[in-house]
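Report on the following structure.
The values are calculated or read from the model by the stated rules, or taken from the named source; none is laboratory data. Just so we're clear, the structure is a prediction, and the values are computed from it rather than from any experiment. In this analysis, Cβ positions are derived from the backbone assuming ideal geometry, glycine residues included, and neighbour counts consider all displayed protein chains.
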Amino acid sequence: MSQPEVLHQEFELGFTYTRSTGPVVGRFLTELKQRNIVGIKASDGRVVVPPMEYDPDTAEALSEFVDVGQEGEIVSFAWVKEPREAHPFDKPFAWAMIRLDGADVPMIHCVAAEREDQVSTGARVRARWADETKGFITDIRCFELV
Amino acid sequence: MSEENEMVTGIEAPIYLKYNFTAGAAAARFLAQVKKGVVTGQRCPKCKQVYIPPRGACAACGVPTKEEVVLADKATVQSFTIVSIPIPGNPIEPPFVVANLVPDGANISFIHLMSECDNADVHIGQRVQAVWKPQEEWDYAMDNIKYFKPLDEPDVPVEKIGKLPVTGLEG
């Protein structure tokens, strides 16, 4: 039995999901479209961003939306040296947990920076909006160092 | 919220998985033979079952399968489905018949299409034969066989399906 040539073929499997957002995440995305960021007040008074539908402790439905700032502080971060196709940048950037002013819980987003040593825990960042907003998390194009 | 800024109720969240599938030795060998218009299986050295498409090992015995067996392009319907609902991205227009077919000389079925038949007449035990594409279109692909069409042969009793020799019913 002779050795056959190695056969290979590319193919792409696509799951073209659409997701319904519900009233709380829907409101968050709607506010993003208007270049505004909202959180929600939990039973213990914490402001959670992005807002969640149910209280993390009591499981009661939450509805008290709170505007939060477009600036905040990096709580932790990871520098991406080699961005992949699905990443928001094609050059190195940081994923960061960002606690926005007025929020008590950090939110993950990307931070644009030229070099890793520019990014640090405690650094102040500000949201940069996409040229066109459509009601999606990428309406915040990225956060930039202040 | 202003009127023109309607509430967001849904988002698009597609996931695309990009594969580069490598056939592996057994499947590559099988496809190289299919490119020549020959259907082959592999026989397990232990239980003697013949597998198509060959995977290079017997799933039941856990031993490598090396012996290559040339099979007939005649087969028996082991089970089938009549597809009536269009599947996105599938160019075949429903209703069409998808069948598990056991080629003569093999002990396991593979999936292929049936055509040139009255869908209502398709049944378990029915004898079928491959209808090949023109030879100049043959490639490393199972769709070198366009579909299987019914043969004018007696049905195979259920207990004999998957047990015919490569010579078929007469053998």
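Considering only region A:47-146, give the strands (runs of 3 or more DSSP E) lying wholly within it that have at least 1 residues that are under 13 Å from the mean Cα position of the chain (by Cα) and of a type in the set (D, E, K, R).
On the way: elements: A:65-67, A:71-80, A:93-100, A:107-112, A:124-129, A:140-145.
Of the strands (runs of 3 or more DSSP E) lying wholly inside region A:47-146, those with at least 1 residues that are under 13 Å from the mean Cα position of the chain (by Cα) and of a type in the set (D, E, K, R) span A:93-100, A:124-129, A:140-145.
If a residue counts only when it is under 30 Å from A:THR133 (Cα atoms) and in contact with a strand residue (DSSP E or B) (Cβ under 6 Å, 6 or more places away or on another chain), which strands (runs of 3 or more DSSP E) contained entirely in region B:2-57 have at least 1 such residues?
Strands (runs of 3 or more DSSP E) meeting the threshold: B:10-12, B:15-22.
Regarding A:ALA61, is this residue hydrophobic (A, V, I, L, M, F, W, C) and exposed (fewer than 15 other Cβ atoms within 10 Å of the Cβ)? Let's see the steps before the verdict.
Values: hydrophobic (A, V, I, L, M, F, W, C): yes; exposed (fewer than 15 other Cβ atoms within 10 Å of the Cβ): yes.
Against the criterion (hydrophobic (A, V, I, L, M, F, W, C) and exposed (fewer than 15 other Cβ atoms within 10 Å of the Cβ)), A:ALA61 qualifies.
The rows are residues; the columns are (1) of a type outside the set (A, V, I, L, M, F, W, C); (2) within 26 Å of B:ASN119 (Cα to Cα).
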| residue | (1), (2) |
| --- | --- |
| B:ILE11 | no, no |
| B:GLY24 | yes, no |
| B:VAL63 | no, no |
| B:GLU67 | yes, no |
| B:VAL77 | no, yes |
| B:PRO94 | yes, yes |
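Any idea which residue in region B:30-45 is nearest to B:CYS58 (Cα to Cα), counting only those that are of a type in the set (Val, Ile, Thr) and within 12 Å of chain A (Cβ to nearest Cβ)?
To start, the set of residues in region B:30-45 that are of a type in the set (Val, Ile, Thr) comprises B:34, B:38-40.
Then keep just the ones that are within 12 Å of chain A (Cβ to nearest Cβ); that gives B:34, B:40.
Working: B:VAL34: 21, B:THR40: 15 Å.
Within region B:30-45, the match that is nearest to B:CYS58 (Cα to Cα) is B:THR40.
Of everything in region B:74-113, what is touching a Ser or Thr at 6+ places or on another chain (Cβ under 7 Å), farther than 14 Å from B:PRO53 by Cβ and of a type in the set (S, T, N, Q)? Give them in sequence order.
The one that is touching a Ser or Thr at 6+ places or on another chain (Cβ under 7 Å), farther than 14 Å from B:PRO53 by Cβ and of a type in the set (S, T, N, Q): B:GLN78.
Hey, can you tell me all the residues within region B:29-49 that are on the phi > 0 side of the Ramachandran plot and touching a residue at least 12 places away in the same chain (Cβ under 8 Å)?
Initially, region B:29-49 is screened for residues on the phi > 0 side of the Ramachandran plot, giving B:37, B:48.
If the condition is that a residue be on the phi > 0 side of the Ramachandran plot and touching a residue at least 12 places away in the same chain (Cβ under 8 Å), then B:GLY37 is the only one that fits.
Looking at A:GLU31, A:GLU5, A:GLU85, A:GLU12, can you tell me which residue is over 30 Å from B:PRO54 (Cα atoms) and surrounded by fewer than 19 Cβ atoms within 10 Å (Cβ to Cβ)? Even if it seems obvious, please write down each step before you answer.
Values: A:GLU31 fails: surrounded by fewer than 19 Cβ atoms within 10 Å (Cβ to Cβ); A:GLU5 fails: over 30 Å from B:PRO54 (Cα atoms); A:GLU12 fails: over 30 Å from B:PRO54 (Cα atoms).
Sole residue among the options that is over 30 Å from B:PRO54 (Cα atoms) and surrounded by fewer than 19 Cβ atoms within 10 Å (Cβ to Cβ): A:GLU85.
Can B:ALA25 be described as at pLDDT below 95, among the aliphatic types (A, V, I, L, M) and more than 30 Å from A:PRO23 (Cβ to Cβ)? Steps first, please.
On the way: at pLDDT below 95: yes; among the aliphatic types (A, V, I, L, M): yes; more than 30 Å from A:PRO23 (Cβ to Cβ): yes.
Answer is yes for this residue.
Would you point out the residue of region B:14-46, among those that are more than 21 Å from the chain's Cα centre (by Cα) and loosely packed, with under 12 Cβ neighbours inside 10 Å, that is farthest from B:TYR140 (Cα to Cα)? If you could, list the steps in order and put the result at the bottom.
Initially, region B:14-46 is screened for residues more than 21 Å from the chain's Cα centre (by Cα), giving B:14-20, B:45-46.
Imposing the further condition that a residue be loosely packed, with under 12 Cβ neighbours inside 10 Å reduces the set to B:14-20.
Numbers: B:PRO14: 31, B:ILE15: 29, B:TYR16: 25, B:LEU17: 23, B:LYS18: 21, B:TYR19: 18, B:ASN20: 16 Å.
So, considering only residues that are more than 21 Å from the chain's Cα centre (by Cα) and loosely packed, with under 12 Cβ neighbours inside 10 Å, the one farthest from B:TYR140 (Cα to Cα) is B:PRO14.
Looking at A:ARG27, A:ARG35, A:ARG19, can you tell me which residue is free of Cβ contacts under 8 Å to residues at least 12 places away in the same chain and either part of a loop (DSSP other than H, G, I, E, B) or within 14 Å of chain B (Cβ to nearest Cβ) (or both)? It would help to see each step written out before you state the result.
Values: A:ARG27 fails: free of Cβ contacts under 8 Å to residues at least 12 places away in the same chain; A:ARG35 fails: free of Cβ contacts under 8 Å to residues at least 12 places away in the same chain.
After ruling out the rest, the residue left standing is A:ARG19.
Which one of these does A:GLY14 not meet: (1) closer than 30 Å to B:ALA25 by Cα; (2) touching a Lys or Arg at 6+ places or on another chain (Cβ under 6 Å)?
(2)
Would region B:3-26 turn up any residue that is small (Gly, Ala, Ser) and either more than 10 Å from chain A (Cβ to nearest Cβ) or over 29 Å from A:GLU12 (Cα atoms) (or both)? It would help to see each step written out before you state the result.
Of region B:3-26, the ones small (Gly, Ala, Ser) are B:10, B:13, B:23-26.
With the extra rule that they be either more than 10 Å from chain A (Cβ to nearest Cβ) or over 29 Å from A:GLU12 (Cα atoms) (or both), the set shrinks to none.
Scanning region B:3-26, I find no residue that is small (Gly, Ala, Ser) and either more than 10 Å from chain A (Cβ to nearest Cβ) or over 29 Å from A:GLU12 (Cα atoms) (or both), so the answer is no.
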